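First the structure, in the form of structure tokens, and then the observations on it.
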Amino acid sequence: MEAVLANLREWFQDRKQRLDLWDETQTARQDNPLYILGGLVWLSWMIVIVSGIVLMLWYIPTTTGAYRSIEHITYDIPFGWVVRGLHKYGGDMLITCITLRIYRMYFAGEYKKPGELTWMILFASLVLAMISGVTGYTLEWNQRAFWAAKVILTVPTYYDDIPLIGNLGLGHAIAYIFLGGPALGQGTLTRFYSIHFGISIVLAIVAETFFYRTRRRRLNVSAFAIVLVLVFLAFVSFINLPDLGQWANNNRTPLPVLSDWYFLALYQVVKYMPPLWAGVAPALLIGYGMLVPFLDRTKETLPTRRPFFFVVGLLAVIYWIGFSALIMLNIAVISRDPPYIWGITVVVLFAAFLWELAYRRRQARRGAASAPAPAGASRPAPRPAAS
Amino acid sequence: MKLDRRGVLKALTAIPVVGALIAVLSPFFRFLKPNDKPWGIFTITPDLPQGGAQVVGKVSQLAKPWDSFYFTYVQRFVQYTPEGQEASNVPGVAIRLPKKVRFVNSEGYVGFDGETDIVLFSRICPHLGCIYNYVSDWHEVSAGYGGFRPPGFEQHALMACPCHFSIYDPEYPDNPGNVISGPAPRGARYFRFEIHGDDIVVTGAEVGAIAQCAPGGAASPREA
């Protein structure tokens with residue numbers, strides 16, 4: 001028991017030493033724009049925090065006041081539009097950068113030793129950023145926000161239907177706690193406001209402690225890039241400030257109703273699946289993401305040398321884009337599509353599995369040819385030790 | 001993994017300590033959910049909302065088959081407010097069917113005693129809580145709600161949800177309001193109602209579906 005704990009502690013200490021969250025010094029390749037993503041995550045996060053605190057000076061967190069106060073900020077208050085634009089597009093940029101960085105780390109194999117902890121923190125931060133996103137756009141109290149919040153908070157009630165465990169009332173309790181009452185109303189808005197603010201502020205304090213204790217650089221990006229990002233965000237806010245949409249109306253769900261862009265693919269999946277699965281599937285996805293460093297145990301980092309995990313990642317990208325496109329164009333026939341999607345998924349994953357087997361056999365044969373050792377013939381050839 | 005006497009004893013002492021800690025702290029969860037009684041945070045049977053009898057419309061508004069109207073039934077939930085409860089809307093739809101049916105669903109909820117050709121459904125989608133629409137022309141359902149094309153005997157007015165495209169058939173045989181397409185796990189929820197002369201009186205609503213809409217922010221000047 002103690003030995004296990006000691007091992008775990010050692011593992012954690014080692015990975016903590018080599019955390020590479022924002023400065024990208026462990027993998028620095030400054031010639032490649034994909035390797036300033038860490039800095040951009042930090043930069044956009046700070047833009048969002050600062051602009052958010054400025055917005056709080058005028059925002060009114062009530063069901064009757066929220067919508068009007070955001071209108072007021074956008075159209076009446078001098079420079080209100082740029083603060084709101086920086087907050088909105090800064091948040092979008094944060095999620096974009098985290099997502100791109102997750103894909104980069106996945107396809108470049110950077111989640112492998114010693115990057116496991118970095119990967120897990122990054123993946124958890126994507127989940128937290130999405131929670132911040134949904135709690136944040138509910139604060140606008142428009143139609144999109146209202147129905148997104150109602151749908152998301154109804155999902156936990158299906159946890160009471162999980163077979164074998166039985167109804168513990170846990171799902172309804174979770175829903176109630178986030179709703180702040182039996183229905184979506186003022187209680188929900190207040191609690192979402194608190195969560196939206198709380199996530200970023202608590203994590204910012206944790207991150208500052210990390211910087212203080214490790215003397216890492218916060219922003220390993222040139223001043224030019226920082227100015228470029230700020231000007232770009234302000235420019236986008238100027239030419240295309242997001243429309244507020246319609247005031248939330250609790251007696252009418254608009255048709256069509258869309259969520260924010262990073263939830264669109266998930267939204268389409270929810271249309272295809274029974275609700276309990278749709279509640280469990282995202283948890284499985286998050287579980288896969290968190291555990292993938294321990295599932296993919298080879299030391300290979302090149303995608304073609306770990307075919308199965310490469311194909312899983314590729315499928316994730318294609319589905320994410322494909323489902324988002326389906327829901328935006330509204331061309332899916334939900335009574336017809338699911339069997340095809342299941343079929344494609346199973347065939348592709350099986351093909352990937354075969355590819356993996358074939359690759360390993362070829363490696364084993366090559367290993368046997370170069371070093372005739374009968375014991376090593378059945379397992380992959382010894383690989384050059386990375387890291 | 002090494003399991004010696006010291007480890008076992010430590011683990012054994014830890015159990016009551018952790019248990020006591022949880023026991024001491026658990027009442028504080030009521031900060032988040034104050035209408036629960038102490039020690040009852042995960043109540044399996046929730047406090048039932050009360051509605052009472054409310055007249056929601058007239059039979060004469062439903063003269064022809066497939067005539068319909070929307071209405072709102074107000075229920076009061078036990079809630080930690082100065083009044084001790086909070087009012088919430090349950091939007092509903094009343095429909096005249098072409099033939100008389102027994103208004104009982106497969107969950108066994110009885111909406112009306114005896115046979116009726118007037119049926120009242122809660123418009124809160126049993127899937128994830130959006131408000132579904134009564135669509136008098138099924139072609140509109142095919143065009144706007146995920147491309148579902150009903151088979152011949154269901155080519156009449158349907159109920160369809162804008163969020164995830166669950167489609168309900170108000171005169172589904174033996175289970176009016178059953179889901180015929182989409183992800184919903186069950187049919188539309190019922191109102192229990194009586195007919196007194198020309199009045200349609202709702203006396204209750206099928207329980208389920210949290211997050212009925214609070215009437216608070218309903219005043220929406222930009223309503224489309």
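Judged by the mean number of other Cβ atoms found within 10 Å, the most tightly packed of the peptides A:58-64, B:9-15 leads the ranking A:58-64, B:9-15.
Helix B:5-25 and the longest principal axis of the Cα set of chain B meet at an angle near 50°.
Compared with the dominant Cα axis of chain A, that is its longest principal axis, helix A:116-138 is turned about 20°. Peptide A:145-152 has a mean shielding of 4, counted as Cβ atoms of other protein chains within 10 Å of each residue's Cβ. Distances between placed amide hydrogens fall under 5 Å for B:Q85 paired with B:Q79, all partners being 5 or more residues away or on another chain. Remark: region B:118-124, residue by residue, has Karplus-estimated 3J(HN,Hα) of 9, 10, 10, 10, 6, 8, 6 Hz, where x stands for each Gly or Pro and the curve is 6.51 cos²θ - 1.76 cosθ + 1.60 at θ = phi - 60°.
Its residue count N fixes a reference of 2.2 N^0.38 Å for region A:12-257, and the Cα radius of gyration divided by that reference is 1.12.
The listed residues B:Y132, A:Y340, A:Y193 rank as A:Y340, A:Y193, B:Y132 when sorted by accessible area, largest first, using a 1.4 Å probe. Normalised by the number of residues in chain B, the mean separation of alpha-carbon contacts (under 8 Å, six or more apart) gives a relative contact order of 18 percent. Dipole check for region A:267-387: with +1 at the C-beta of Lys and Arg, -1 at the C-beta of Asp and Glu, and the Cα centre as origin, the magnitude is about 620 Debye. For the protein assembly as shown, the mean residue ellipticity at 222 nm estimated from helices alone is -15500 deg cm²/dmol, where every DSSP H run of n ≥ 4 contributes -39500 (n - 2.57) and the total is divided by all residues, rounded to the nearest 500.
The simple Förster model, with R0 at 56 Å and r as the Cβ-Cβ distance, assigns B:Y80 and A:A364 a FRET efficiency of 0.25.
Scanning residues 5 or more positions from B:V90 or on other chains, those with amide H under 5 Å from its amide H are B:Y73, B:V74, B:Q75, with H placed 1.01 Å from N in the peptide plane. With the simple spin-label model, which puts each label point 7 Å out from Cα in the Cβ direction, the A:W58 to A:A325 separation comes to 3.9 nm.
Once a ≥ b ≥ c are taken as the square roots of the eigenvalues of the Cα gyration tensor of region B:72-179, is the result rounded (a/c under 1.5), prolate (a/b larger than b/c) or oblate (a/b not larger than b/c)? Oblate, because a/c is 1.5 or more while a/b does not exceed b/c.
Return the value, in Å² to the nearest 100, of accessible area buried between chains A and B (probe 1.4 Å, both sides summed).
4600 Å²
Using θ = phi - 60° in the Karplus curve 6.51 cos²θ - 1.76 cosθ + 1.60, the 3J(HN,Hα) couplings for region A:7-16 round to 4, 4, 5, 5, 4, 5, 4, 4, 5, 5 Hz; x is entered for Gly and Pro. The convex hull around the C-alpha trace of region A:119-210, projected and averaged over every direction, spans 7.4 square nanometres. Other protein chain C-beta atoms within 10 Å of residue C-beta, averaged over B:25-36: 2.
Average 1/r across all pairs of distinct alpha carbons in chain B, invert it, and you get the Kirkwood radius: 20.3 Å.
Keeping every protein chain in place, order B:E154, B:E107, B:E171 by accessible area at 1.4 Å, biggest value first, i.e. largest first.
B:E107, B:E171, B:E154
Rg and Dmax of region A:24-67, both derived from C-alpha coordinates alone, stand at 17.2, 51 Å.
Within the straight-line cut-off of under 24 Å between alpha carbons, the lysines reachable from B:K64 are B:K99, B:K100, sequence neighbours fewer than 8 places apart in one chain being disregarded. Give me the angle, in degrees from 0 to 90, between the Cα long axis of helix A:143-154 and the longest principal axis of the Cα atoms of chain A, rounded to the nearest 10. That works out to roughly 60 degrees. Here the protein assembly as shown yields Rg over Rh of 1.01, to two decimals, using C-alpha coordinates and the Kirkwood radius. Once both labels are positioned 7 Å from their Cα atoms along Cα-to-Cβ, the gap between B:Q155 and B:E115 label points is 2.7 nm. Take A:M290: with every protein chain present and a 1.4 Å probe, its accessible area is about 50 Å². Taking the Cβ of A:E10 as the centre, find all other residues whose Cβ is under 15 Å away and add up their charges (Lys, Arg: +1; Asp, Glu: -1). That works out to +2.
Mind putting a number on the dipole of region A:182-267 about its Cα centre? Charges go on the C-beta only, +1 for Lys and Arg and -1 for Asp and Glu, and I need it in Debye to the nearest 20.
Dipole about the Cα centre, nearest 20: 460 debye.
Report note on the peptides A:215-223, B:134-142, B:16-24: ranked by the mean count of other C-beta atoms within 10 Å, highest first, their order is B:134-142, A:215-223, B:16-24. Annotated for chain A: lysine pairs at least 8 residues apart or interchain, Cα distance under 17 Å, count 5. Most tightly packed first, judged by the mean number of other beta-carbon atoms within 10 Å of their residues, the peptides A:258-270, A:237-249 read A:258-270, A:237-249.
Only the Cβ atoms of Lys and Arg (+1) and of Asp and Glu (-1) were treated as charged; on that basis the dipole of the protein assembly as shown about its Cα centre amounts to roughly 2940 debye. As a ratio to 2.2 N^0.38 Å, the alpha-carbon radius of gyration for region A:267-387 is 1.38. Rolled with a 1.4 Å probe across the full set of protein chains, the surface gives A:V82 an accessible area near 30 Å². Kirkwood hydrodynamic radius of region A:201-293, from the reciprocal of the average inverse Cα-Cα distance over all distinct pairs: 18.5 Å. Evaluating 6.51 cos²θ - 1.76 cosθ + 1.60 at θ = phi - 60° for every residue in region B:133-150, the Karplus couplings come out as 10, 8, 10, 6, 10, 5, 4, 5, 5, 5, 6, x, 10, x, x, 6, 10, x Hz, glycine and proline recorded as x. Cross-link candidates for B:K10: which lysines have Cα within less than 21 Å, leaving aside residues fewer than 8 places away along the same chain? Of all the lysines, those that pass the test against B:K10 - Cα under 21 Å, at least 8 places apart if same chain - are B:K2. Taking all protein chains as they are arranged and a probe of 1.4 Å, the heavy atoms of B:C163 leave approximately 0 Å² accessible to solvent. With viscosity 1.306 mPa s and temperature 10 °C, the Kirkwood radius over alpha carbon pairs of region A:1-156 converts through Stokes-Einstein to a diffusion coefficient of 89 µm²/s. Placing pseudo-labels 7 Å out from each Cα toward the beta carbon at B:F28 and A:T214 gives an inter-label distance of 3.0 nm.
Mind checking the full-extension length gain between A:R18 and A:I318? Use 0.36 nm per residue of separation minus the Cα-Cα distance, one decimal, nm.
Using 0.36 nm per residue and subtracting the Cα-Cα distance, I get 104.8 nm.
Of interest is the spacing of the C-alpha centroids, which for region A:161-187 and region A:206-223 amounts to 39 Å.
Counts of other chain beta carbons within 10 angstrom of each beta carbon in peptide A:261-273 average 2. Based on Cα contacts under 8 Å between residues 6+ apart, chain A shows a relative contact order of 19 percent. Under Stokes-Einstein, with the Kirkwood radius over Cα pairs as Rh, the value for region A:1-84 at 20 °C and 1.002 mPa s is 128 µm²/s. For the options B:R96, B:R30, B:R76, a Gaussian network treatment of chain B with springs between C-alpha atoms closer than 10 Å singles out B:R30 as fluctuating the most. For B:C130, nonlocal amide neighbours, meaning residues 5 or more places apart or on other chains whose placed amide H falls under 5 Å from its own, are B:C125. Accessible-area rank, largest first, for A:H172, B:H196: B:H196, A:H172, with all protein chains present and a 1.4 angstrom probe.
The values are calculated or read from the model by the stated rules, or taken from the named source; none is laboratory data. Note that the structure is a prediction, hence the values are computed from the model and not measured. Every residue, glycine among them, receives a Cβ derived from its backbone with ideal geometry; neighbour counts consider all protein chains shown. What goes into the accessible areas is simple: the full protein's heavy atoms, side chains included, and nothing from ligands, DNA or RNA. Shrake-Rupley method; radii C 1.70, N 1.55, O 1.52, S 1.80 Å.
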